[in-house]
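Asks: Following this message is one structure expressed as structure tokens.
The values are calculated or read from the model by the stated rules, or taken from the named source; none is laboratory data. Please read all numbers here as calculations on a predicted model, not as lab measurements. Note: ideal-geometry Cβ built from the backbone for every residue, glycine included; neighbour counts use all protein chains shown.
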């Protein structure tokens, strides 16, 4: 058995052809989907990058592992304490370690562990190939390592290879020689709207349309595909074309991988999993080019599984998490999952008649904002604990089936749905705290630790590195004095 995990950073599924996108961004990924199972409603339980990949390889929610943010205590796994054995829990109970126990040679091609100083990310891997640029790699930096590894190992048996491409992540870095593959294609219809752009130009918060570079409109000369702001349809096109071109460029590398496996004569007997760490807000909630919220745009991810002997051309629409991948692989390999994993196997959707999705799922964000949200039926209920300088209300509600881009907050008009969302969220939280009391060395919800330590790393309200004073000044200088005044009111204690 050979298993290839293709991890494309910042890849939102609705920008792929196999998920219904109108642009031809993903012909190779579409072909894999046609030959396997496409999961339509899979979510990263904790976003963005570091918490999501912690969930994938630990099989656990961030509230359990402690990894919910990008810095401070929230970027480190919880200390295991006196019951820690010779090895740690990521080694003994993580997905990669479990695959080693199944007899797999495990290999990783990614700089991610060094990028986030998350060296536990490499636990359970026999081989680690760090492509060396800390996530600033373009595919031409990654592919030679992939090619060499496949040339040496493709024909061997029982390997698991994780390959990490970065091109859809900001700054958009596909080389100029790749051209403009979408120059003649229309934008997504909802973004082709001058009135929407004008409304978004009044929005307060990092990565708003006037601050795509987080807190300013700086442009990178070495990355001409990346705008500093969106003020009209031309700059909107530059933003979306830059993102879509990154997807297409990564997709071309996937085609090379498929060709190499075919040339080695092992493609038909190789399992392929395609996914991402998170999606990307591209206008949703007034945010561009960032994975900064606990919503559908940030947390919904593609999941495509092509398994030898499995279903072909199938679609599963149940609610799932990326942490379901670990128990799924164990069931497909005839092994038992770890008893501490939070995921549920979806193997029946891959090799059987289908899998039953969850009644609801909870998604979290503590790196750019502190939010938890619950997704069920048509609804997304969002609860904000730290607004990340975006001036969100405490609760928001969206009908994400009828309003997939979250343009109409229904919290005020549908209080009964908000109450149900709050109940579902509290039910999940109670279950997590009860599990924590029995299996973890503390009973601390790391979301509150993030707030105690000065706020999410990318929007700290306290401390010498807080961007808030300078950002308030920028708002005043760019015609958004009202937003500046509200930030002063909300954060008066720290100004």
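Asks: Tell me which of these residue 144 doesn't satisfy, since it passes every other one: (1) touching a strand residue (DSSP E or B) at 6+ places or on another chain (Cβ under 9 Å); (2) without any contact (Cβ under 8 Å) to a residue 24 or more places away in the chain.
Replies: Status for residue 144: all satisfied but (1).
Asks: Which ranges mark the helices (runs of 4 or more DSSP H) fully within the stretch 232-348 that have 2 or more residues being at pLDDT 95 or above and over 23 Å from residue 358 (Cα atoms)?
Replies: Numbers: elements: 233-263, 296-299, 325-332.
Once the helices (runs of 4 or more DSSP H) in the stretch 232-348 are filtered for at least 2 residues that are at pLDDT 95 or above and over 23 Å from residue 358 (Cα atoms), what remains is 233-263.
Asks: Here is a further query. Filter the stretch 37-56 down to residues that are surrounded by fewer than 24 Cβ atoms within 10 Å (Cβ to Cβ) and closer than 24 Å to residue 270 by Cα, then give me how many there are. Before you say what the answer is, go through the steps one by one.
Replies: Our first condition is that a residue be surrounded by fewer than 24 Cβ atoms within 10 Å (Cβ to Cβ); within the stretch 37-56, this holds for 37, 40-41, 49.
Now restrict to residues that are closer than 24 Å to residue 270 by Cα: 37, 40.
The total comes to 2.
Asks: Restricting attention to the stretch 185-231, report how many residues are crowded, with 17+ Cβ neighbours inside 10 Å, part of a helix (DSSP H, G or I) and under 23 Å from the mean Cα position of the chain (by Cα).
Replies: 1
Asks: If residue 107 satisfies all but one of (1) assigned to a strand (DSSP E or B); (2) in contact with a helix residue (DSSP H, G or I) (Cβ under 6 Å, 6 or more places away or on another chain), what's the number of the condition it fails?
Replies: It is condition (2) that residue 107 fails.
Asks: I would also like to ask the following. Any chance you could count how many residues in the stretch 50-76 are out of contact with any strand residue (DSSP E or B) (no Cβ under 8 Å at 6 or more places or on another chain) and farther than 21 Å from residue 327 by Cα?
Replies: 8
Asks: With the requirement that a residue be surrounded by 13 or more Cβ atoms within 10 Å (Cβ to Cβ), in a loop (DSSP other than H, G, I, E, B) and modelled with pLDDT of 95 or more, what does the stretch 455-481 give you?
Replies: Selection gives 455, 456, 460, 461, 466, 467, 478, 480.
Asks: What residue, among those in the stretch 227-252 that are without any contact (Cβ under 8 Å) to a residue 40 or more places away in the chain and touching a helix residue (DSSP H, G or I) at 6+ places or on another chain (Cβ under 8 Å), is nearest to residue 15 (Cα to Cα)?
Replies: Initial filter on the stretch 227-252 (without any contact (Cβ under 8 Å) to a residue 40 or more places away in the chain): 227-229, 231-232, 234-235, 238.
When the remaining residues are screened for being touching a helix residue (DSSP H, G or I) at 6+ places or on another chain (Cβ under 8 Å), the result is 227, 229, 231-232.
On the way: 227: 19, 229: 21, 231: 22, 232: 21 Å.
Ranking the qualifying residues of the stretch 227-252, first place goes to 227.
Asks: Still on this structure, I have one more. Test residue 147 against the criterion of being modelled with pLDDT of 95 or more, more than 19 Å from residue 26 (Cα to Cα), in contact with a helix residue (DSSP H, G or I) (Cβ under 9 Å, 6 or more places away or on another chain) and not in a loop (DSSP other than H, G, I, E, B), and give yes or no.
Replies: Values: modelled with pLDDT of 95 or more: yes; more than 19 Å from residue 26 (Cα to Cα): yes; in contact with a helix residue (DSSP H, G or I) (Cβ under 9 Å, 6 or more places away or on another chain): yes; not in a loop (DSSP other than H, G, I, E, B): yes.
Spelling it out, residue 147 is indeed modelled with pLDDT of 95 or more, more than 19 Å from residue 26 (Cα to Cα), in contact with a helix residue (DSSP H, G or I) (Cβ under 9 Å, 6 or more places away or on another chain) and not in a loop (DSSP other than H, G, I, E, B).
Asks: Residues of the stretch 388-405 being in a loop (DSSP other than H, G, I, E, B) and crowded, with 23+ Cβ neighbours inside 10 Å, which ones? Before you say what the answer is, go through the steps one by one.
Replies: Within the stretch 388-405, the first condition is being in a loop (DSSP other than H, G, I, E, B), and the residues that meet it are 388-394, 400-405.
Residues satisfying the conditions are 388, 389, 390.
Asks: Starting from residues that are closer than 30 Å to residue 482 by Cα and free of Cβ contacts under 8 Å to residues at least 40 places away in the same chain, keep the ones in the stretch 414-447 and report whichever is surrounded by the most Cβ atoms within 10 Å (Cβ to Cβ).
Replies: Only one residue tops the list, namely 418.
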